[in-house]
1. For the range 1-139, which whole-number percentage of the solvent-accessible area (1.4 Å probe, protein heavy atoms only) is attributable to carbon and sulfur atoms?
2. Can you give the relative contact order of the range 8-138 as a percent, counting alpha carbon pairs under 8 Å and 6+ residues apart?
3. To the nearest 20 debye, what charge dipole does the range 145-243 have about its Cα centre, counting +1 at the Cβ of each Lys and Arg and -1 at the Cβ of each Asp and Glu?
4. For Cα pairs less than 8 Å apart in space and 6+ apart in sequence, what is the mean separation divided by the residue count of the chain, i.e. the relative contact order in percent?
5. Taking the simple approach of a point 7 Å from Cα along Cα-to-Cβ for both LEU193 and ARG244, what is their distance in nm?
6. About the Cα centre of the range 8-138, what is the dipole size in debye to 20, counting +1 per Lys and Arg Cβ and -1 per Asp and Glu Cβ, all else neutral?
7. Using Cα pairs closer than 8 Å and at least 6 residues apart in sequence, work out the relative contact order for the range 94-140, in percent.
8. How big is the chain by the Kirkwood estimate over distinct Cα pairs, in Å?
Amino acid sequence: MKAGHPTTVWNRTASKAGQLVAEGARLAPTVGDALAAGPLTIICVTDYRAVYELLDASDAELDGRTPINLTSGDSAQAREAARWTEQRGARYLDGAVMAVPPAIGTAEAVILHSGPQTDFEAHRPTLEALGTVTHLGADHGLASLYDVAGLAMMWSVLNAWLQGTALLRTAGVDAVTYAPFARQIAAGVAEWLPGYAQQIDSGSFPAEASALETDVRAMEHLIEESEAVGVNAELPKLIEEFGRPGGD
Ligand SMILES: NC(=O)c1ccc[n+]([C@@H]2O[C@H](COP(=O)([O-])OP(=O)(O)OC[C@H]3O[C@@H](n4cnc5c(N)ncnc54)[C@H](OP(=O)(O)O)[C@@H]3O)[C@@H](O)[C@H]2O)c1
């Protein structure tokens, strides 16, 4: 709306749309009315079950519409939703929001899209009003897969950070003091990714600077240290297990 797009809104609990309506949005009385309001419809509800409940509404006409579903789900759900809506004449794009609500409408909001590129390009200028948008490919499942890959990275880094803060706290070092060092390590590790990507894609994993056994011994050291000072050692134990011969 701030970017000047005439906007129609619908929410199951209509009162929650009150603020947007006060700011100039048109309130659709039904889902069908919302879909009919324009060629592009952005759907963002709790889960895919809710998406089907909405789109199955008796007056919802999908033919000729482009629903863009930003609801979180897995890749199979995205592909199935594409099949389901396309059977009803829609041009479906899936998507994933990697941002908190206050960031929406700013460049900080990373919004991933997947599905036919022509459909994405047709609506790109509108979608760009919501954040930094990326089209990942024609496979509708890609946005969900990138979303969870990003979460795997985020949660792994954050848990590793907590492991370090807990270890250092046992010697009276606070997290603020440790943070610049942790940041430097994380940035350094990030630099390795393109090189490792080539190894993964080529299926060739030469022992370069150090052999895996050396890293496993380092991980054992981390486990011993954690246990000695009473810090949870489950995360380093899991990583050490991956590094042992036969570990996955
Ligand atoms: N919030 C975040 O930071 C964030 C970040 C990234 C991605 N996401 C994703 O964005 C999606 C929405 O999240 P949210 O934070 O907006 O959740 P939320 O505040 O809990 O809102 C859920 C929305 O879904 C609607 N809904 C649920 N079941 C429905 C049904 N059966 N029929 C019709 N409407 C239904 C709710 O309507 P009522 O108002 O009537 O209950 C409400 O509008 C989720 O998939 C979430 O994973 C959220």
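1. 53 percent
2. With pairs under 8 Å counted, the relative contact order is 17 percent.
3. Once rounded to the nearest 20, the dipole reads 320 debye.
4. Relative contact order comes out at 11 percent.
5. Between LEU193 and ARG244, the label points sit 3.0 nm apart.
6. Roughly 80 debye, rounded to the nearest 20.
7. 42 percent
8. 21.5 Å
The values are calculated or read from the model by the stated rules, or taken from the named source; none is laboratory data. On a predicted model such as this, the values are computed, not experimentally measured, just so you know. Cβ coordinates were reconstructed from backbone atoms using ideal geometry, including for glycine residues, and neighbour counts include every protein chain displayed. Accessible surface is based on the protein model in full, side chains and every heavy atom, while ligands, DNA and RNA are left aside. Shrake-Rupley method; radii C 1.70, N 1.55, O 1.52, S 1.80 Å.
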